[in-house]
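Here's the structure we're looking at; comments come further down.
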Protein chains: 4
Amino acid sequence: MAGSTFGNIFKITTWGESHGKALGVVIDGCPAGLPINENDIQIYLNRRKPGQTSISTPRKEADQVEILSGVFDGKTTGTPISLIVPNTSQKSADYSEIASYYRPGHADYTFDAKFGFRDYTGGGRSSGRETIGRVAAGAVACKLLKEMGISVIAYTRAIGPVSADLTHFDKEAITSTPTCMPDHASDQKAMAYLKDCMQKKDSSGGIIECLVDGLPAGIGDPVFDKLDANLSKAIMSIGAVKAVEIGDGTQVSTSVGSVNNDAFFNNHGIIEKKTNHAGGILGGISDGSRIILRAHVKPTPSIFSPQETVNKNGENIEIEIKGRHDPVIVPRAVVVVEAMTAITILDACMLNMTAQLDYLKEFYHH
Amino acid sequence: MAGSTFGNIFKITTWGESHGKALGVVIDGCPAGLPINENDIQIYLNRRKPGQTSISTPRKEADQVEILSGVFDGKTTGTPISLIVPNTSQKSADYSEIASYYRPGHADYTFDAKFGFRDYTGGGRSSGRETIGRVAAGAVACKLLKEMGISVIAYTRAIGPVSADLTHFDKEAITSTPTCMPDHASDQKAMAYLKDCMQKKDSSGGIIECLVDGLPAGIGDPVFDKLDANLSKAIMSIGAVKAVEIGDGTQVSTSVGSVNNDAFFNNHGIIEKKTNHAGGILGGISDGSRIILRAHVKPTPSIFSPQETVNKNGENIEIEIKGRHDPVIVPRAVVVVEAMTAITILDACMLNMTAQLDYLKEFYHH
Amino acid sequence: MAGSTFGNIFKITTWGESHGKALGVVIDGCPAGLPINENDIQIYLNRRKPGQTSISTPRKEADQVEILSGVFDGKTTGTPISLIVPNTSQKSADYSEIASYYRPGHADYTFDAKFGFRDYTGGGRSSGRETIGRVAAGAVACKLLKEMGISVIAYTRAIGPVSADLTHFDKEAITSTPTCMPDHASDQKAMAYLKDCMQKKDSSGGIIECLVDGLPAGIGDPVFDKLDANLSKAIMSIGAVKAVEIGDGTQVSTSVGSVNNDAFFNNHGIIEKKTNHAGGILGGISDGSRIILRAHVKPTPSIFSPQETVNKNGENIEIEIKGRHDPVIVPRAVVVVEAMTAITILDACMLNMTAQLDYLKEFYHH
Amino acid sequence: MAGSTFGNIFKITTWGESHGKALGVVIDGCPAGLPINENDIQIYLNRRKPGQTSISTPRKEADQVEILSGVFDGKTTGTPISLIVPNTSQKSADYSEIASYYRPGHADYTFDAKFGFRDYTGGGRSSGRETIGRVAAGAVACKLLKEMGISVIAYTRAIGPVSADLTHFDKEAITSTPTCMPDHASDQKAMAYLKDCMQKKDSSGGIIECLVDGLPAGIGDPVFDKLDANLSKAIMSIGAVKAVEIGDGTQVSTSVGSVNNDAFFNNHGIIEKKTNHAGGILGGISDGSRIILRAHVKPTPSIFSPQETVNKNGENIEIEIKGRHDPVIVPRAVVVVEAMTAITILDACMLNMTAQLDYLKEFYHH
């Protein structure tokens, strides 16, 4: 139960460390018959690959995925899909220093506290590279959702004080700008802010937003496995995320019922809502409108300024972290949020197929 | 998998509807030997009981708990603890109106979409009364945590625009004020605001904060079952919660690394942190400092103003909800947040007992 | 994780002790829309009720079930179904003796070893009364399966040396004979054997057989959740069962491939098998023919002859158990085997609805 | 939920097909600090490797394991251990024939029925090679159990009509004889029988027995997760197993209580049993004596005699299977039974560490 498995029916298990031989994921419960190849997955992995922009670590990694099982004649067989991404650029650096102390904002101390020791090379399992398995599985989930008419899209909503301008939403910008913002003007402002951060040997936080379209009403569960509860876990399980919002999120606490309630109306035979403060979920179940969620991401803890901390002997020391680090986590985490959202939505859709006796009767033809 | 079970080792399964015969919970996996009686649980249930203040529905419910199994000679036996709370005040009202349309902000429409029909009396399973099982189980979890030296406390952090004044934190006020705020002055301001809301036939949102003290470093898991991920699910699964924050929460997105990182230092032999922006969790694992989380709660969707909606025939209509409703959900949800936090923390502590080989060797060699 | 929950989608959680206030079960994941009432369940419970024949304990229990939640307007709502059966006949006997020693063949010693102490009244949770929750849930599963065209039937295959004569199979006899054998002649022979056992202050073992008809090919999973694996767990989890067989069972070890293989053939357009040594399961997945399984049940451990054992002070003693006991467990366990089989089969059918992409596409495009 | 995951705390997920690129397993929940290297695992894999005796398929496979994650400085880190075994000898045979019909006794038909199509090369996921992941994980479990003082051993109990002579039990023979019988004389008789089978183009069934020593009393759970229930699932999930027995197994059905009950006695301060008909488990919980279980394995379904079956067009045909096949499954399955038993026992031991409040208090107060 070390918690490397996620999902109920569409179930993923990730493994691998930053500087180990490889990272990967096993997807169990993927329906048979989905056409899938390595390129379908590679497209998603490329979006989180390092070394592509001035705000991403210069570490060079091919991050090339290989399908080891579960696909035959180009289609999923219904048995576990094993995906592997070899590590190629673990430079044999001197880690003796980093092994000797606890970096602030990192999991060094807590891993030692839990496990008695840790893989200190590149952060081991607590590295952002852990998300490779999530993204690879998310690519499969997205392809499946697409067949069902459901789309998931995430983008950078803000970096530090710079918010995206959604009135000029440009989907193409998300994958072409270094910040993954959906408009070029905000991207440039954010880049200027990040340049400034780097000059100050500092780092920036930010916000990722994710939208799900095409999800029918009725998906999710009423109590502990509310759709928003499972989404919150999915998103909060991404390293560096410190808050999750659904729909209006934190704003509801200062709102009033007459404003926050979304009125239903009949739109040419389809029941819709005039507003979407709820972010598409009522009572834990989708209401047919767009799902909206936001993740608040903390600044990269690895900064080049001097910091106070404690070493393994318990001595108070001052350190200066060296190496290669992104000044902001957000852009490379955008596709991770998209992946985790897709996996959660797909799993909920699959669970929903047994919600009514009539579904079973129709399926079993009696 | 209709999602009425929560937890891995300390596992709870709740059941019951607002106007059914009873509500309850089965706790499986509670260690044997814990002294517990009905009063231990009743104290917690009383904190969420209706009809106690001017801002709580006048529905009169004894909400009296009975232990049906799992306790022998005053101690838990290690087998499932079944707790039941009979419903006594389901007035046989005329629900034909409420059955005919979809209340905005409620789960009426989504339940119909999922299940094909719904128990429309008092909201059925989507009622706030669903939390009775959570609170009863939380009382047991809290008692167990106390034996381990861990305490959990929740309180109202804000109601609408009125925030609690933490510089005058008064623990006793939490259970004695109608708002469950931890200071009397803010409570009075909030009550004035709520009175105004009620006069406007409107309702208010708010914020609940929860603190965990005494939790050692090392509790939680590195990937999907991060302590903060599981806490987020636990809290977001409470009806009406639309955002969850850990530590500095949403503020991290506009912060910088040099501020957000918490410096470690040696405090007379104990490794501590100079600040706690992280809210006590690093890399999904507790760091030994206080756990801090916040839930943002939407305004009560049942308001007495006229609202637009659709009826079951798909006709656009205007409705006015009648009945008995709290103008704010927050105060009665405080103990629910406390309960869900306690259950999650306890479960993580229990899982942690197998984290190191040395623990197993010590256990099985004595 | 004290293991009181069974199933993945159709998930049951049982609770209760022999001499506690009540026993019960919570069924989570039952599809909405199934017509069900207390009588549907009572019929099954009556089949395991004590005090009905000369080979059943004279303890009088109404074993009357009450539905507490999850049913509205006579149909399941999709939310947890809570079923309760009060204990009415826990006579306030003197249990000080039984509390002081470990009965051979019972769980007294192992419960103490695990939990540190035990509820010694009537066996507590290790009593056969624990199966009440299973049977109540099984009644719901059977009703659901019937709607899908699937039937489950169990009967006594043997008691001690007396085997049922299947060439004179009479379904009606199963519920009308005291032994639950499917033919009256064998029932009488078995009754004579049991009378002899009782005179010798001894008890008898036996075999229960269970058949599933109408299950389509393709149900089950290829690896750990093989249909036969899950059935084995389900059946072996019934107290006193010491062996489980599928199809030819233990006979396969002395068979040869040319005999044991079942030949496929085309029976007027339907693929069938000429024989059924496999008991309807190949590679963990149903093959469309009848599912056949057998449970071997040990003799009732409570016998009236003197027995050697140890008391709680570790002293070697000789005991004579008093009280009320069945001379054979088999007849009252028949309906338990039927219930556990039904629950397992139903759960597998529900899981199967996501096996192919085409199923999802069809479901989400209409 | 395609069922490729097994275990609760010590949790394994296997993947891979007979003729795919590789097979493997991810172990999640292994405690940190266990010294382990590839050789520790290889020793177990070598015991199930093909091509080593005259009764094993001549397919040559190195079956060389590689550790991809979860081990650092020679010790487990507490994070997922990913183990991979590349396939090297998938000869590019012509599978068009085997793709066109359903082999009797195999999973060809049921896989098609479930998934709509199948990987027909070498049986795909239904091949015996699927067990590689189980054995690799079992090696880790065995090493861990050894540190706790618990040993697991399996051997061939019978092949066809030839039973092992346990009065001449020779542990060394298990790994040195081709049949894995624990005495050389029976091994030779069984080899003669198998030679005869092969000459008749037929195959043989058999029995595997497994013993667990050193397991303390108190391990297991009272209801659905009884130790014997979980063992039954573990063993029945191994392909070709058709019956599972615990202790006296099927013999209990013709036994009587006065014989079948095991008397407790005080053996110099330790509570023991004079006999062990129960096979070490009472009420689902270990009683401190040896755990004994048996698996009945069907004859290899691939035989070289002509067989009747149906092709994919539904035509009745006669086939003759070619290729490379073991005349008996038992010897190579011995280590699989050992592995699955070890994994189940270890998981139960880990779960047991939270059975009593005192355990938690002791753990969290030091």
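The values are calculated or read from the model by the stated rules, or taken from the named source; none is laboratory data. Quick caveat: nothing in here was measured; it's all calculated off a predicted structure. Cβ atoms come from the backbone with ideal geometry, glycine included; neighbour counts cover every protein chain shown. Remember, those area values only see protein heavy atoms, side chains included, never the ligands or the DNA or RNA. Shrake-Rupley method; radii C 1.70, N 1.55, O 1.52, S 1.80 Å.
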- Item | Helical contribution to [θ] at 222 nm, DSSP H n ≥ 4, -39,500 (n - 2.57), averaged over chain A, rounded to 500 | -9000 deg cm²/dmol
- Task: For segment A:141-232, build the charge dipole from Cβ charges (+1 Lys, Arg; -1 Asp, Glu) around the Cα centre, then report which of A:ALA192, A:VAL223, A:MET148 sits farthest towards its positive end.
- Result: A:ALA192
- Query: Ordering B:THR275, B:THR300 by how much accessible area each has at a 1.4 Å probe, largest first, what is the list?
  - Reply: B:THR275, B:THR300
- Could you work out how far helix B:330-351 tilts from the main Cα principal axis of chain B, as a 0 to 90 degree angle to the nearest 10? 30
- Query: Under the definition of Cα pairs under 8 Å and six or more residues apart, what whole-number percent is the relative contact order of segment B:292-361?
  - Reply: 24
- Starting from the Cα gyration tensor of segment A:119-160, take the square roots of the eigenvalues, sort them a ≥ b ≥ c, and report rounded, prolate or oblate (rounded when a/c is under 1.5, otherwise prolate if a/b is larger than b/c, else oblate). oblate
- Query: Carbon and sulfur atoms: what percent of the 1.4 Å accessible area of segment D:87-177 do they account for?
  - Reply: 50
- Once the Cα atoms of helix B:184-199 and of chain B are each reduced to a long axis, what angle between those two axes, in degrees from 0 to 90 to the nearest 10, is obtained? 30
- What value does chain C have for Rg/Rh, both radii from Cα atoms and Rh as Kirkwood defines it? 0.99
- Net charge dipole size for chain C [Lys, Arg +1 and Asp, Glu -1 on Cβ; Debye, nearest 20]: 520
- Item | Alpha carbon centroid spacing (whole Å) that separates segment D:1-29 from segment A:306-366 | 21
- Query: Taking the Cα-to-Cβ direction at C:PHE117 and at B:LYS195 and moving 7 Å from each Cα, how far apart do the two end points lie in nm?
  - Reply: 5.3
- Query: So, with a 1.4 angstrom probe, what is the percent of accessible area on segment C:24-76 that is carbon and sulfur?
  - Reply: 49
- Note on the structure: If every Lys and Arg gets +1 and every Asp and Glu gets -1 at its Cβ, then about the Cα centre segment A:202-358 yields a dipole, in debye to the nearest 20, of 140
- Item | Kirkwood Rh, Cα atoms: Rg over Rh of the protein assembly as shown | 0.95
- Message: Before we go on, tell me the buried accessible area for the B/C pair, both chains summed, 1.4 Å probe, in Å² to the nearest 100.
- Response: 3400
- Message: Starting from a Cα-only point model with no solvent, please compute log10 I(q)/I(0) by Debye for segment C:27-164 at q = 0.12, 0.16 1/Å.
- Response: -0.67, -1.01
- Carbon and sulfur: what percent of segment C:262-363's accessible surface (1.4 Å probe)? 49
- For segment D:170-216, which semi-axes, largest first and in whole Å, follow from the square roots of 5 times the eigenvalues of its Cα gyration tensor? 26, 13, 6
- Query: At what distance in angstrom do the alpha carbon centres of segment A:206-243 and segment C:118-145 lie from each other?
  - Reply: 37
- Query: Where in segment A:47-132 are there chymotrypsin sites (Phe, Trp or Tyr not before Pro) that are in a DSSP coil and have at most 14 other Cβ atoms within 10 angstrom of their Cβ?
  - Reply: A:TYR95
- Message: How shielded is D:302-313 by partner chains, expressed as the average number of their Cβ atoms within 10 Å of its Cβ atoms?
- Response: 4
- What order do you get for D:349-356, A:202-209, D:78-85, A:307-314 when each peptide is scored by the mean count of other beta carbon atoms within 10 Å, highest first? D:78-85, A:202-209, D:349-356, A:307-314
- Query: List the lysines whose alpha-carbon lies under 19 Å from that of D:LYS195, not counting same-chain residues fewer than 8 positions away?
  - Reply: D:LYS298, D:LYS322
- Task: Over the whole of A:273-283, what's the average partner chain Cβ count within 10 Å per residue? Rounded to a whole number, please.
- Result: 5
- Note on the structure: One decimal, nm, nearest first: from B:LYS200 to the same residue in each other copy, label points 7 Å out along Cα→Cβ, the values are 3.8, 8.6, 9.0
- Mind giving me the nanometre distance, one decimal, between the label points for B:SER54 and C:GLU66, set 7 Å out from Cα along Cα→Cβ? 3.9
- Item | Sparse-neighbour loop sites [chymotrypsin sites (Phe, Trp or Tyr not before Pro); segment B:301-366; at most 14 other C-beta within 10 Å; DSSP] | none
- Query: What nm distances, shortest first, do you get from the label point of B:THR275 to those in the other copies when the point sits 7 angstrom along Cα to Cβ?
  - Reply: 3.5, 7.3, 7.7
- Task: May I ask you to give the average projected area over all directions of the convex hull of the Cα atoms of segment C:60-133, in nm² rounded to one decimal?
- Result: 7.0
- Where the protein assembly as shown is the region considered: accessible area per residue in Å², 1.4 Å probe: 31
- Item | Nearest residue to the symmetry axis between A and C, taken on chain A by its Cβ, in whole Å | A:MET353, 2
- Using only the Cα atoms of segment D:185-239, each taken as one equal point scatterer with no solvent, compute I(q) by the Debye sum, divide by I(0), and report log10 of the ratio at q = 0.19 Å⁻¹. -0.81
- Note to self: Kirkwood Rh of segment C:313-360, Cα pairs, one decimal, Å, is 15.5
- Query: When each copy gets a label point 7 Å from Cα toward the beta-carbon at B:SER176, what are the spacings between them in nm, shortest first?
  - Reply: 6.5, 7.4, 8.2
- Task: Could you sort B:123-135, A:158-170, B:49-61, C:179-191 so that the peptide with the highest average Cβ count within 10 Å comes first and the rest follow in order?
- Result: B:123-135, C:179-191, A:158-170, B:49-61
- Query: So how many Lys-Lys pairs in segment A:1-135 land under 23 Å Cα to Cα, not counting same-chain pairs under 8 apart?
  - Reply: 7
